[in-house]
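Here the structure comes first, spelled out in structure tokens, and everything after it is commentary.
The values are calculated or read from the model by the stated rules, or taken from the named source; none is laboratory data. Just so you know, these numbers come straight off a predicted model, no measurement behind them. Don't worry about glycine lacking a Cβ; one is built from the backbone with ideal geometry, like all the others, and counts go over all protein chains shown.
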Amino acid sequence: MSDAVDVPFLDAAHGRSGRHTPVWFMRQAGRSLPEYKSVRGEGSILHAIKQPDVAAEITLQPVRRYGVDAAVLYSDIVVPPHAVGFGIDVAPGTGPVADVPFRSRADLDRLRPLEVDDVSYVVDTVKLLAAELPADVPLLAFAGAPFTVGSYLIEGRPSKDYRYTKAMMYDDESLFNDVMDRLATSAITFISAQLSAGARAFQLFDSWTGSLSKRDYEHFVKPHSTRVFAELHERHPDAAYIHFGIGCDHLLESMYDAMPADGRRVLGLDWRTPIDEARSRLGDDLVVQGNLDPALVLAGESAAVRGAEQVLADNRRADGSQHPGHIFNLGHGVNQHSDPGVLQAVVDLVHERTS
């Protein structure tokens, strides 16, 4: 499908003016919506993801409700290691948990390279969505970046200090690189399968790379993320791509540089870095995604609307117009306790103020 002029998300990813600033929310597919809870079912999220009809319905729900400008696939960053039998699940209220964490070279046998057939249910979901989504609402593929997925496997659960991951980085760099390389290959396979089935853009989530110093990121992590973007750009040159992490103000230049300069690269910002500040560092042509503080959504409609107005102000050019290279989003995912009415008010505000 060619890039139509009236696809706001793709217009913004190109840095060109569209009919309004596009909006989508990380974690918009699920968690806070009552209609999500009615079809989600019991058990692990990974079970729901394995049901294409259910996963497609959940993906479509926020598009119908909010009128957002992109649909993000209902999936999870640990789908690839789960699909190859590593032994990881998503525990409610905790997050990804591996009963037997990755701690030695022998564990590489549990992390074989992902094959498309391993995630055929994801491919089927994407095909359903590509046929059903409106032409002006692209589907976004995604995967976890090697470091973030690797940290879950190595730590065995969410961590505040990443002690085992950093120990492997420094004490067995060869093994750490082998883990990163295998996860990079899986991310490429996973995203490429989604793009081939009908997704039109993708986001690489390196949610926890902000825990690293710039020196460690550049040495241990950036080469692997760079490989993911480079190979996907070679396979799918028309796809737009987003690089996102949390607490990564000190890494913005490095994360931006990890994406090919000859493509449609978008830098995702969390709520800590103002858009205008990012452009002052990386150039006025920088295309950004973000970056309303998700806590303001929890604070209520008044706070969320004022926060959204500030984000739009941060994106304003000297002549008072909105910079066309802006995809409005939260600075992280939708909290499960968010009021859908508040998110609707944010969507409406952004569309009305930028039309």
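If the condition is being of a type in the set (A, V, I, L, M) and surrounded by fewer than 19 Cβ atoms within 10 Å (Cβ to Cβ), then region 330-344 contributes no residue at all.
Are any of the residues in region 90-113 within 23 Å of Ala184 (Cα to Cα), among the basic types (Lys, Arg), at pLDDT 95 or above and crowded, with 17+ Cβ neighbours inside 10 Å? No. Considering Ser254, Ser196, Ser213, Ser159, the condition of being closer than 22 Å to Val84 by Cα and small (Gly, Ala, Ser) is satisfied by Ser196 alone. Would you confirm, using the coordinates I've provided, whether Arg19 is among the charged types (D, E, K, R), assigned to a helix (DSSP H, G or I) and surrounded by fewer than 24 Cβ atoms within 10 Å (Cβ to Cβ)? No. Please go through region 191-204 and give me each residue that is assigned to a helix (DSSP H, G or I) and either at pLDDT below 95 or within 14 Å of the chain's Cα centre (by Cα) (or both), ordered by number. Ile191, Gln194, listed by residue number. Sort through Ala91, Ala130, Ala83 and tell me the only one that's more than 24 Å from Gly150 (Cβ to Cβ) and either out of contact with any Gly (no Cβ under 9 Å at 6 or more places or on another chain) or of a type outside the set (S, T, N, Q) (or both). Testing whether each residue is more than 24 Å from Gly150 (Cβ to Cβ) and either out of contact with any Gly (no Cβ under 9 Å at 6 or more places or on another chain) or of a type outside the set (S, T, N, Q) (or both) leaves just Ala130. Can you name the number of the only condition in (1) touching a Ser or Thr at 6+ places or on another chain (Cβ under 8 Å); (2) under 23 Å from His243 (Cβ atoms) that His323 fails? Condition not satisfied by His323: (1). Over 16 Å from Gly333 (Cβ atoms), in contact with a helix residue (DSSP H, G or I) (Cβ under 6 Å, 6 or more places away or on another chain), surrounded by fewer than 24 Cβ atoms within 10 Å (Cβ to Cβ) and touching a residue at least 60 places away in the same chain (Cβ under 8 Å): does that describe Arg264? Taking the combined requirement at face value, the residue satisfies it. Summed over region 248-277, the residues that are small (Gly, Ala, Ser) and more than 20 Å from Thr226 (Cβ to Cβ) give a count of 0. In region 40-52 there is no residue that is at pLDDT 95 or above, touching a strand residue (DSSP E or B) at 6+ places or on another chain (Cβ under 7 Å) and buried (at least 20 other Cβ atoms within 10 Å of the Cβ). Checking each residue in region 269-298 for being surrounded by 15 or more Cβ atoms within 10 Å (Cβ to Cβ) and assigned to a helix (DSSP H, G or I) picks out Ile275, Asp276, Ala278, Arg279, Leu282, Pro294, Ala295, Leu296, Val297, Leu298. Figure legend. Inter-residue proximity from region 153-180: first residues more than 12 Å from Pro101 (Cβ to Cβ), second residues part of a helix (DSSP H, G or I) and aliphatic (A, V, I, L, M), beta-carbon distance below 7 Å, spacing 6+ or different chains. Indicated pairs: Leu175/Met168; Phe176/Met168; Phe176/Met169; Asp178/Leu108.
For region 171-190, indicate whether the set of residues that are farther than 26 Å from Gly95 by Cα and outside any helix (DSSP H, G or I) is non-empty. There is at least one residue in region 171-190 that is farther than 26 Å from Gly95 by Cα and outside any helix (DSSP H, G or I).
Out of all the residues in region 322-345, is one or more within 23 Å of Ser207 (Cα to Cα), more than 15 Å from the chain's Cα centre (by Cα) and in a helix (DSSP H, G or I)? Yes, because at least one residue in region 322-345 is within 23 Å of Ser207 (Cα to Cα), more than 15 Å from the chain's Cα centre (by Cα) and in a helix (DSSP H, G or I). Among the helices (runs of 4 or more DSSP H) confined to region 23-103, the ones with at least 2 residues that are touching a Leu at 6+ places or on another chain (Cβ under 7 Å) are located at 52-66, 79-83.
Check whether at least one residue in region 115-134 is more than 20 Å from Val228 (Cβ to Cβ) and polar (S, T, N, Q), and report yes or no. Checking region 115-134: at least one residue is more than 20 Å from Val228 (Cβ to Cβ) and polar (S, T, N, Q).
Within the set Gly150, Gly210, the sole residue that is modelled with pLDDT of 95 or more, in contact with a Cys (Cβ under 7 Å, 6 or more places away or on another chain) and either farther than 20 Å from Ala29 by Cα or surrounded by 20 or more Cβ atoms within 10 Å (Cβ to Cβ) (or both) turns out to be Gly210.
Candidates are the residues of region 218-256 that are small (Gly, Ala, Ser) and in a helix (DSSP H, G or I); the one that is nearest to Gly268 (Cα to Cα) is Ser254. Taken together, Gly333, Gly268 contain a single residue that is touching a strand residue (DSSP E or B) at 6+ places or on another chain (Cβ under 6 Å) and closer than 26 Å to Val221 by Cα, which is Gly268. Remark: Ser213 falls outside the filter, which requires a residue to be within 17 Å of Ala184 (Cβ to Cβ) and small (Gly, Ala, Ser). As for region 159-177, it holds no residue that is within 24 Å of Tyr241 (Cβ to Cβ) and buried (at least 24 other Cβ atoms within 10 Å of the Cβ).
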